[in-house]
Amino acid sequence: MNNIHVLPEYSALCRAVAARIADLIRHKPEAVLGLATGSTPIGVYAELVRLHREEGLDFSQVTTFNLDEYLPMNPDSPQSYSHFMREHLFDHINCANWNVPDGTLKGDEEIHQFCADYEQKIADAGGLDLQLLGIGRTGHIGFNEPGSPQDSRTRLVILDSLTRADAADDFYGVENVPVRAITMGVGTILDAREIILMATGPRKAEIVQEALEGKITSKIPASFLREHVNAQVYLDESAASHLSEYSRPWLRANANFSDFDLRRRALIATSHELDKPLSKLTASDLQQAGVGALAHQVSSLEAAIQEVERDLQKRVEDDGNLPKNTSILCLSPHPDDDVICCGATLTKMAQNGNRVYVAYGVSGSNAVRDKDVLALLRAQHPRLISYIEDNAPPGQTTQDVFDVIRTEIFERESGAPDSVLLRNLKRLVREGEAGDGCRKMGAKPLFLDLPFYYVREQKTVPVSDDDVQIMLKALRETSPQIVMLTGEKSDPHGTHELCAQAFERAAEIYLEAGGAPFVRWEYRGAWEEYEVWEGDYFSVFEKELMETKIGLILDHISQLDPVFPGSTDAREFYERARDRNRANARQLQTLGVLPASRSFAPIYAEVFQIGK
Ligand code: F6R
C-alpha cells in the first residue's frame, strides 16, 4: 500500500488526521462522518475540539454516525460509547446531529429493525464522506470480528474473547464486559468515500502487519480496507514496526549493503529463513530471499559471510566476554521481568564480580489474588504479620486487622480497588518473591513502587514528577555503567512503556547533571522475543543454569497461573522463558556459529540489543 503514513509520535498523528477531517468540513460543511471510539482517536477529538474553539471549525451542519455500541449498555454508563463521544467530542463542539447505536434495545426484532434503520439513516444523509477507524488486536474494524463478511451491514454481533479481554480494565474485570454489540458492517464501512485507519503502539504492530501485508481475508476484517479506493492508514513508529519496510530494511529496493550492520542482519535473516548455515549461503539463496543485490554489492560473498561469522562469534558470549567489575542496573518493570527475561545473565554477571542491582518499577500488587493474601495470613507469614503488627491502628490487635481484611475481601463490590492496607500486603508478597530471587542471583533489589501504577486509568495518565524522581534516585544510588531495560512494550497494561518513560526522563536529568554515561542493554522474553538478526549479544548457557532460572521464576508463586497472562499465550512464564531461550540457541546452532562442542548439547540463550 502506498497510502501508509508513519509519523514519529501520537500527537503528530492526531494533528494530521484532525487536519484532514477539518479540511473536509471546510469544503463540505454538511459532511457526514463515521466515528470510532477507543483509546486511539482520543487525540484526534481533542484536536478537533481545539480547532473548533480556536479556529472556529463549524460542526453545525455536520452529521456523524458512530461505528458501534455494546449491548446491553445504558447511554449514561461511563463505559458506553455514547458517554465516550460526549465526553471527548460532542459536549465541546457545536454538532447536534450525532448518532451512536442504541445499547438499550432488547428483543431480536427490535434490534434488527434498529440496524436496518441505522443503515437507512446513513443512506438518507447521503452516505459517509469519511470513516475514522481504529483496529482491534483481532483485526476487527468497528466490532466486525474475524469471520465478518466483506458485505456485512449493521447488525448484532458477538464479541471475540480477545476484544473483551482488552476492554476488561474499563469494566473492572472481563466478566463485566458485554458479550454482544451492535456494529456497522464491513460493507457499511467500505461504502464510505474515504477511510482513515489509525493504529498506535507496539501492541498493534502484529495485527497491523497481518492486515496490511497478509492475505485479504474475513479472518482479518481490516484487511478488506486494502480493496478500498481511498483508504489512508496512519501509524506511529511502533505500530508500523512489524511492516517489512521497517522490520526488514534490507528488502527495500534501495538497500545499501556497504553498511556492515545491514549486511550482517540481512545475511543472518536469510540464513535463518532458509534454515541453512551462514557458511553455506550462495548467491542464488540470497536471490531467493529477496537480497540478491547484496551479492552484487560486495566484492566477495564468501568474505562477506566470513566477516559476519567472525562478528557473530564475538557476540555469542562464552563467559570470557562478560563484563567485569561493572555496576549494572537492571530495570525490571514488574517484580518478575528480571528473572523471566535475564535471570541467567544476571546470575552470570553477579558471579563474574559485577555489582548487580535490580530496580523493580512497580509493586505488581494488582496481580496478586485476594485468596493468596488470605492463605499467607492464615499461615502466619512473618513478613505480612510483622507489617500488620507495625501498622495496626491503635487499640486494634493483629486479629482485628485480619478481620478487617477478610471483610474487605468478601464483602466489597466486584471491581472495587484494594484498600491501602490490602494493597500493601500484596506489595509485600511480591517484594518477598523478588527479594528472594535477587538473593539467589547475587543481586541487590531496589523496590521503586512507582506511584503511577496505582492510578486506575494508567493508559491515559502520564508518569508524574514523583515517578521520575524515584527513578533518578535509583540511578544516583547505583551509578551504573550498564543499564538493562525492557525492550518489550506489549505487556497487558502498558506498564513497561510507562516505566520506560519515567526512566528516560530521569536519565536525561541524570546525564545533564553530570552523571556518567552508561551503555543500554535491552531484553525481552516475558511477552515477546527478538528475532535472531535483531540480537547484538547472545548470552548462552547450559541446562543447569536454565534449571536455576526456572527455579527463580517459580519462586514467584503468586504469579503461577497468572492473573494477567496476556490474552494470546497460554503458557506459564517459566515455560515461555524456557521455550524462547531454547529457540534462540537453536537458531544460533542453525547459523553455525556455536563451537562444535556445543552444537548438539541442549543449550539456551538470552538475547540482548545493545546501545539502542
Ligand atoms: C471503536 C471500535 C473498535 C476500536 C478498536 C481499537 O468504536 O469500533 O474497532 O477502534 O477496538 O480500540 P483502541 O483504539 O482502544 O485500541
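A few remarks follow.
- Considering only the Cα atoms of the range 472-577, their convex hull presents on average a projected area of 8.3 nm².
- Area accessible to solvent at V186, 1.4 Å probe radius, in Å²: 0
- Theoretical ellipticity at 222 nm over the chain - DSSP helices of four or more residues, -39500 (n - 2.57) apiece, nearest 500: -13000 deg cm²/dmol
- Normalised alpha carbon radius of gyration of the range 380-474 [divisor 2.2 N^0.38 Å]: 1.29
- Magnitude of the charge dipole, the range 13-102, Cβ model with Lys/Arg +1 and Asp/Glu -1, debye to 20: 300
- Rolling a 1.4 Å probe across all protein chains gives K219 an accessible area of roughly 150 Å².
- Protein-only accessible surface order, largest first, of T282, T163 at 1.4 Å: T282, T163
- Ranking H334, H381, H496 from most to least accessible surface, computed with a 1.4 Å probe over the protein chains only, gives H381, H334, H496.
- Alpha carbon centroid spacing (whole Å) that separates the range 268-296 from the range 453-527: 38
- Distance between the modelled labels on A570 and S247, one decimal in nanometres: 2.4 nm (7 Å Cα→Cβ projection).
- Accessible area of the chain divided out per residue, in Å², using a probe of 1.4 angstrom: 43
- Among the protein heavy atoms of the chain, carbon and sulfur supply 49% of the accessible surface, probe 1.4 Å, non-protein parts ignored.
- Of the GluC sites (Glu not before Pro) in the range 451-535, those whose Cβ has at most 13 other Cβ within 10 Å and which sit in DSSP loop: E457
- Counting only Cβ charges, +1 for Lys and Arg and -1 for Asp and Glu, the dipole size of the range 46-85 around its Cα centre is about 40 debye.
- Charges were assigned to the Cβ only: +1 to each Lys and Arg, -1 to each Asp and Glu. The resulting dipole of the chain about its Cα centre is roughly 1540 debye.
- Options C115, P602, T200, ranked by Cα towards positive dipole end of the chain, top entry (Cβ charges): P602
- Distribution of pairwise C-alpha distances over the range 6-106, 10 Å bins, in %: 16, 47, 29, 8, 0
- Under the combined filter of DSSP loop state and at most 14 neighbouring Cβ atoms within 10 Å, the range 336-424 retains these GluC sites (Glu not before Pro): E413.
- Which of H5, T163, V540, positive extreme of dipole for the chain (C-beta unit charges): V540
- Size descriptor for the chain, Kirkwood hydrodynamic radius: 26.9 Å (Cα pairs only, one decimal).
- Cross-link pairs beyond the 29 Å C-alpha cut-off, checked among K371/K549; K324/K440; K280/K324; K215/K549: K280/K324; K215/K549
- Span from the the range 570-593 Cα centroid across to the the range 305-382 one, whole angstrom: 17
- Within the assembled protein chains, the solvent-accessible surface assigned to M441 is about 10 Å², based on a 1.4 Å probe.
- Protection proxy ranking of 121-127, 205-211, by the mean of other Cβ atoms within 10 Å over each peptide's residues and highest first, is 205-211, 121-127.
- q = 0.22 Å⁻¹, the range 482-536: log10 I(q)/I(0) [Debye, one scatterer per Cα]: -0.91
- The alpha carbon centroids of the range 180-237 and the range 138-177 are separated by 14 Å.
- Of Y45, S365, T347, farthest towards positive along the dipole that unit charges on Lys, Arg, Asp, Glu beta carbons give the chain: T347
The values are calculated or read from the model by the stated rules, or taken from the named source; none is laboratory data. Here the structure is a predicted model, which means the values were calculated and not measured. Please note: Cβ atoms are built from the backbone with ideal geometry, for glycine as well, and neighbour counts cover all protein chains shown. Just so you know, the surface numbers come from the protein's heavy atoms only, side chains and all, with ligands and any DNA or RNA stripped out. Shrake-Rupley method; radii C 1.70, N 1.55, O 1.52, S 1.80 Å.
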